[in-house]
Amino acid sequence: MSHAHTAPGLGAHDAADSTDMKPVRVWDLPTRIFHWSFALSFAGAWLTAESERWINVHMMLGYTFAALIAFRLVWGVVGSRHARFASFLFSPAAVVRYLKSLLTLRPEHHVGHNPAGALAIFLLLGLGAVIALTGIPMGQEMGGEWLEELHEGAASVMLAVVAVHVAGVIVSSVLHRENLARAMVTGWKRGHADEGIRGFRSIAGVLLLVAIVGAWGAWQAGLAPDWLPGAGVQAMDGQFGGHDEDRDDD
């Protein structure tokens, strides 16, 4: 006898219910573009964080990161079914139950975000907000050492959450026999017919992508507002204290 676990706005079924599942639309285009842009922005900002030469790129990645968080907060209210925060607000008991189901190798199947993934998303958005709200003042030479320490500390914690999240996606993909990362590319997952979304919100997704690419293009062309960092890579001997390796010794 099978037992189904459900949460508001989501279908969650055990392995016994999987026989009548089929591919359904789950992740709309704006959610997918946000997901990968958010990941790339954070990765790029992390890799350029300690480089004075790449400080302008680091700052522009930070502004992109902040804008993406703002977008996701809005899309979490007006987006499609599985993108809305209301659809993956799980109780602590639901998170524990899901983790236990992983340990038994019979994980609950959630068409949208599972409880562990939902927790990771809220942590990433929260930590990302702290990183953005501390990094922007730093870019304007505001705050002090405490702000820098908070910024770097939040980034380090976020990197750890990302690592756990990636590991969780891999484990869940193996146990569910479904590539969850690929689903975040294609938008399709296995589920029951009534659990899918009607459309991918493609127009909104294209507009988001155009906004991201357009902002970077305008920045690179020097058309961005004055409060943004200068375009391109900071010169090695620039104002941020470059190196002297390329100069002749006196």
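Couple of notes before you dig in:
- Qualifying residue in the stretch 12-24 (condition: closer than 23 Å to LEU208 by Cβ, modelled with pLDDT of 95 or more and not hydroxyl-bearing (Ser, Thr, Tyr)): yes
- Within the set ALA45, ALA39, ALA70, ALA66, the sole residue that is under 21 Å from GLY217 (Cα atoms) and in contact with a His (Cβ under 6 Å, 6 or more places away or on another chain) turns out to be ALA45.
- Residues satisfying the stated conditions in the stretch 140-156, i.e. assigned to a helix (DSSP H, G or I) and either aliphatic (A, V, I, L, M) or crowded, with 18+ Cβ neighbours inside 10 Å (or both): LEU147, LEU150, HIS151, ALA154, ALA155
- Answer from LEU68, LEU73 - the residue that is at pLDDT 95 or above, surrounded by fewer than 21 Cβ atoms within 10 Å (Cβ to Cβ), within 27 Å of SER37 (Cβ to Cβ) and aliphatic (A, V, I, L, M): LEU73
- Filter result (among the hydroxyl-bearing types (Ser, Thr, Tyr) and surrounded by fewer than 16 Cβ atoms within 10 Å (Cβ to Cβ)) within the stretch 91-131: SER91, THR104
- The set of residues from the stretch 213-232 being under 17 Å from ILE55 (Cα atoms) and in a helix (DSSP H, G or I) comprises TRP216, TRP219, GLN220.
This table checks each residue for (1) of a type in the set (Phe, Trp, Tyr); (2) buried (at least 18 other Cβ atoms within 10 Å of the Cβ); (3) in contact with a helix residue (DSSP H, G or I) (Cβ under 9 Å, 6 or more places away or on another chain).
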position: VAL164; (1), (2), (3): no, no, yes
position: GLY168; (1), (2), (3): no, yes, yes
position: PHE200; (1), (2), (3): yes, yes, yes
position: ILE203; (1), (2), (3): no, no, yes
position: GLY214; (1), (2), (3): no, no, no
position: ALA221; (1), (2), (3): no, no, no
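- Residue identified as touching a Ser or Thr at 6+ places or on another chain (Cβ under 9 Å), of a type in the set (A, V, I, L, M) and free of Cβ contacts under 8 Å to residues at least 24 places away in the same chain among LEU208, LEU180: LEU180
The values are calculated or read from the model by the stated rules, or taken from the named source; none is laboratory data. Everything numeric here is computed off the predicted structure, so don't read it as measured data. For neighbour counting, all protein chains shown are included, and Cβ atoms are generated from backbone atoms with ideal geometry for every residue, glycine included.
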